[in-house]
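I have placed the structure first, in the form of structure tokens, so that the comments after it can refer back to it.
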Amino acid sequence: MSPSSPDPGRPLPAPLANLRELGNPLEFLYLDHLQEREICAVLDRISNALAVDPDDVSDVLAFLREVLPFHLADEEEDLFPLLRKRCEAEDEIDKAIHRLLSDHSHAAEDTPDVITILERHAAGGCELEEGERMALKQYASHARRHLVLENAIILPIAKLRLNEEDLDRLRHGMLERRGLGRLWDSPHTG
Ligand SMILES: [Fe+2]
Ligand SMILES: [Fe+2]
């Protein structure tokens with residue numbers, strides 16, 4: 001889980017406006033999704049390969065270990081609570097978030113198995129066993145389904161409903177989680 005979780009009730013450190021130059025945090029979530037989609041394609045390639053490419057394996061392992069945990073925490077600890085706070089009843093956001101959290105917990109159960117399979121093939125050169133192939137394909141397929149829901153529904157609703165301060169909170173949480181919260185302490189000269 002993430003090393004830091006901002007308290008939504010706590011006043012944000014100033015000057016937040018300066019950090020807006022870092023961009024819209026929703027765009028970072030879109031970029032994570034783009035990368036996740038590419039990783040799904042690599043998982044399929046590994047599943048189908050007669051000789052697994054070790055670079056493919058290391059790309060997926062890096063994503064699963066270093067990118068995905070932060071991304072899941074960004075959504076669970078910052079994005080989803082903000083959406084729950086801002087959305088209208090007509091958005092039916094609770095239902096969608098419930099589904100997404102269930103996907104996340106299934107992914108959390110499956111990710112260690114996928115990592116184990118990939119570690120077994122870290123040197124590359126061999127073909128996967130049938131069970132391993134199925135596990136990787138299923139993982140990629142679930143991840144793709146999840147991405148469709150987030151890209152088609154969650155992020156567009158977030159764009160519509162979250163205000164500037166909400167985006168500041170989201171940006172703040174994402175930076176702190178990555179150990180970049182100290183940016184707030186630096187004098188800004190721009
Ligand atoms: Fe996501
Ligand atoms: Fe997600």
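The values are calculated or read from the model by the stated rules, or taken from the named source; none is laboratory data. All values derive from a computational prediction rather than experimental measurement. Using ideal geometry, Cβ is built from the backbone for each residue, glycine included, and neighbour counts are taken over all protein chains shown.
What is the residue count in the stretch 66-87 for residues that are under 13 Å from residue 162 (Cβ atoms) and exposed (fewer than 15 other Cβ atoms within 10 Å of the Cβ)?
2
Go over the candidates 140, 158 one by one and state the one that is within 30 Å of residue 90 (Cβ to Cβ), within 16 Å of ligand 2 (Cβ to nearest atom), crowded, with 20+ Cβ neighbours inside 10 Å and small (Gly, Ala, Ser).
None of the others qualify; the one that does is 158.
Has the stretch 109-116 got any residue that is within 15 Å of ligand 2 (Cβ to nearest atom), under 17 Å from residue 40 (Cβ atoms) and in contact (Cβ under 8 Å) with a residue 12 or more places away in the chain?
Taking every residue of the stretch 109-116 in turn, at least one turns out to be within 15 Å of ligand 2 (Cβ to nearest atom), under 17 Å from residue 40 (Cβ atoms) and in contact (Cβ under 8 Å) with a residue 12 or more places away in the chain.
Scan the stretch 106-117 residue by residue and report those that are more than 19 Å from residue 29 (Cα to Cα) and surrounded by fewer than 18 Cβ atoms within 10 Å (Cβ to Cβ).
106, 109, 110, 111, 112, 113, 115, 116
If I filter the stretch 115-135 for residues that are at pLDDT 95 or above and within 16 Å of ligand 1 (Cβ to nearest atom), do I get at least one hit?
Among the residues of the stretch 115-135, not one is at pLDDT 95 or above and within 16 Å of ligand 1 (Cβ to nearest atom), which makes the answer no.
Within the stretch 4-19, does at least one residue satisfy the condition of being touching a Cys at 6+ places or on another chain (Cβ under 8 Å), in a helix (DSSP H, G or I) and modelled with pLDDT under 95?
no
Restricting to the stretch 54-107, name every residue that is more than 25 Å from residue 133 (Cβ to Cβ), more than 14 Å from ligand 1 (Cβ to nearest atom) and β-branched (Val, Ile, Thr).
The one that is more than 25 Å from residue 133 (Cβ to Cβ), more than 14 Å from ligand 1 (Cβ to nearest atom) and β-branched (Val, Ile, Thr): 93.
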